1. Looking only at residues in region A:134-163 that are within 15 Å of A:PHE111 (Cα to Cα) and within 12 Å of the chain's Cα centre (by Cα), which one is farthest from the other protein chains (Cβ to nearest Cβ)?
2. Condition (residue is away from every other protein chain (no Cβ under 14 Å) and crowded, with 18+ Cβ neighbours inside 10 Å) applied to region B:147-170: is it met by at least one residue?
3. For region B:67-77, does any single residue satisfy the condition of being away from chain A (no Cβ under 14 Å) and either in contact with a strand residue (DSSP E or B) (Cβ under 9 Å, 6 or more places away or on another chain) or under 25 Å from B:VAL195 (Cα atoms) (or both)?
4. Do you know which of the residues in region A:1-26 that are closer than 24 Å to A:ILE144 by Cβ and more than 14 Å from chain B (Cβ to nearest Cβ) is surrounded by the most Cβ atoms within 10 Å (Cβ to Cβ)?
5. Only one of these conditions is not met by A:LEU28: (1) more than 16 Å from A:ALA119 (Cβ to Cβ); (2) in contact with a Phe, Trp or Tyr (Cβ under 9 Å, 6 or more places away or on another chain). Which number is it?
6. Out of all the residues in region B:203-213, is one or more in a loop (DSSP other than H, G, I, E, B) and in contact (Cβ under 8 Å) with a residue 60 or more places away in the chain?
7. Filter region B:104-133 for residues that are touching a strand residue (DSSP E or B) at 6+ places or on another chain (Cβ under 7 Å), in a helix (DSSP H, G or I) and within 14 Å of chain A (Cβ to nearest Cβ) and give the result.
8. Report the residue count in region A:98-125 for those that are surrounded by fewer than 22 Cβ atoms within 10 Å (Cβ to Cβ), of a type in the set (A, V, I, L, M, F, W, C) and not in a helix (DSSP H, G or I).
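The values are calculated or read from the model by the stated rules, or taken from the named source; none is laboratory data. Keep in mind it's a predicted model, so treat the numbers as computed, not measured. Every residue, glycine among them, receives a Cβ derived from its backbone with ideal geometry; neighbour counts consider all protein chains shown.
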Amino acid sequence: MFDRILDPTGLPARPTNVAVAARRVPSLAGARVGLLNNTKRNAAQLLTELGDLLRDRYGAVVTIRRTKPHVAFPVDEPMLKEIAAVSDVVITGVGDCGSCSASAAADGIAFERVGIPAAVIVSDAFEVTARAMAGVHGDENFEILLTPHPVAVLDAEQVAERAAELVADVADRVRESAR
Amino acid sequence: MTGGTLDGQVTDALDGAHQSIEYMYDQGWTDGLPVVPATRELVDAFLATTSRPADEVIGRLDHLKREVSVQLAAINAVMAGCRPEYFPVVLAAWDALMAERSTVGGGWQSTSGPAPLIVVNGPVRRRLGFNATGGVFGPGFRANATVARAIGLIVRNALGVVPHVLEQATQGVPGRWAMCIAENEEESPWEPLSVDGGVAAGVDAVSTTLLRASEFVDNRHTDDPEALLGDFADTISRTGSWIFRHASAGVVFCPEHAQMLAAAGMSKAGVRDWLIERCGRSEADLARAGKNHVHGNVRRQSDDGDPGAFHRYFADGAPKNLPIVVAGARNAGISMVVRVFSNWSGISARVEPPRDGATAPAV
């Protein structure tokens, strides 16, 4: 009887899920790091701190910093290519709102699909929406790095502390040796 | 009788209805209230009310990999409890919503949890029984209730923006998916909202904008139009609603307030101009809320500045920043300030006229 009830979602019966993880870099020494800032408050500062820590502790070098034109949407193709061309690994975030946390997950998956390992940083208040977006973009088990909410209200010193807490996870997320 | 099943087939119609409702809950297709099962026959009756093809794409969110077709809109309108003849109004409401900047950005996923205010103008109001008078924001009228609900179900089901998942409203807005009002054109002294949206008076049209709140102004206390508007200015100017350099707000005037202002010689534009000049706060007031400095376009705390400086609430007097509607009963001086999420697109959508030969089967 219920097969006469029409589906209001327009979704295919079986969603496709194809996890594609880029090959991790063997080491961060000399690795080129791209930073993609999603414009949320303190995102640029957190990424800068992480870039500095990856340089000081692991010998990586930040080669490109870009800011997304629209916080709610995933990175567009030209910016993705521009970053991918000069990066061995990418760090993006901070997912700190409804739409931007979701799009941060999509950004990470997009970089992985072009062969760049990506660390995506999301406030833990938005974990569910980021994971749901990962599913929408075909990799429901995509690994997201969580940081305690809130991020936007932190002062400069607190942002630096967050970066220090995150940097080992970021490194482990993108390099081979730890996996 | 309780009915029952025979070889897995439901033999009682009411049992079947109940089981259908539970089935649709199990699928995650409802907004929390029961929905009507959308059958091919019923959806076809809805599709017969429009000249638009069933597969026409009328909305999309590429970042979520989802799109809305006329057919999906019809399925959700059936589920919401619409009658077939309401469907052209649902489509017009959807078209108007898609003209809004926020709805094609991340607005539906926002922590602010905005909700559309849908305003219906023209003869369609009476033809389909839209309430324009008493309790206009409240329930009790099928056309108002189900058109608003249809929009919510389309966003949930066809766009996939589901609460706690891709929808991240911190609290959301009371009346979400329930705010569809008809303008009380008969008792308004002014041109309808749809005229501000570019559609001639007397033509069926729908305007929408996303809201973050509605708050009443009860003023039965003065016969001075400036004192009355000052009461609105006070409500509009509260700091909590203000996050960027400027903000937008609309007013849904009750007929009594609108007529009092019109009797004093004020046009809608005149009311807007009065409010534009006076709505706002001193920098000292804004400093107490941490909002006294504009950085980029966002308000922030700063120790610098001029505490006596006056910050205007509105960017300018365009209808898209301060839409004005007249609705409600002529029984008291009670109006509503509505908090616009970003601003109104300023574009009203025409409602497709009834098609010749289109019949509306009993539902």
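1. The extreme case among them is A:GLU143.
2. Within region B:147-170, one or more residues are away from every other protein chain (no Cβ under 14 Å) and crowded, with 18+ Cβ neighbours inside 10 Å.
3. Looking through region B:67-77, none of the residues is away from chain A (no Cβ under 14 Å) and either in contact with a strand residue (DSSP E or B) (Cβ under 9 Å, 6 or more places away or on another chain) or under 25 Å from B:VAL195 (Cα atoms) (or both).
4. Checking each candidate, the answer is A:VAL25.
5. (1)
6. Residues of region B:203-213 in a loop (DSSP other than H, G, I, E, B): B:203-204.
Right, trim to in contact (Cβ under 8 Å) with a residue 60 or more places away in the chain and you get B:203-204.
Checked region B:203-213: at least one residue is in a loop (DSSP other than H, G, I, E, B) and in contact (Cβ under 8 Å) with a residue 60 or more places away in the chain.
7. First, pick out the residues of region B:104-133 that are touching a strand residue (DSSP E or B) at 6+ places or on another chain (Cβ under 7 Å): B:107-109, B:112, B:114-122, B:125, B:130-132.
Subset that is in a helix (DSSP H, G or I): B:107-109, B:125.
Scanning region B:104-133 gives B:GLY107, B:TRP108, B:GLN109.
8. 1
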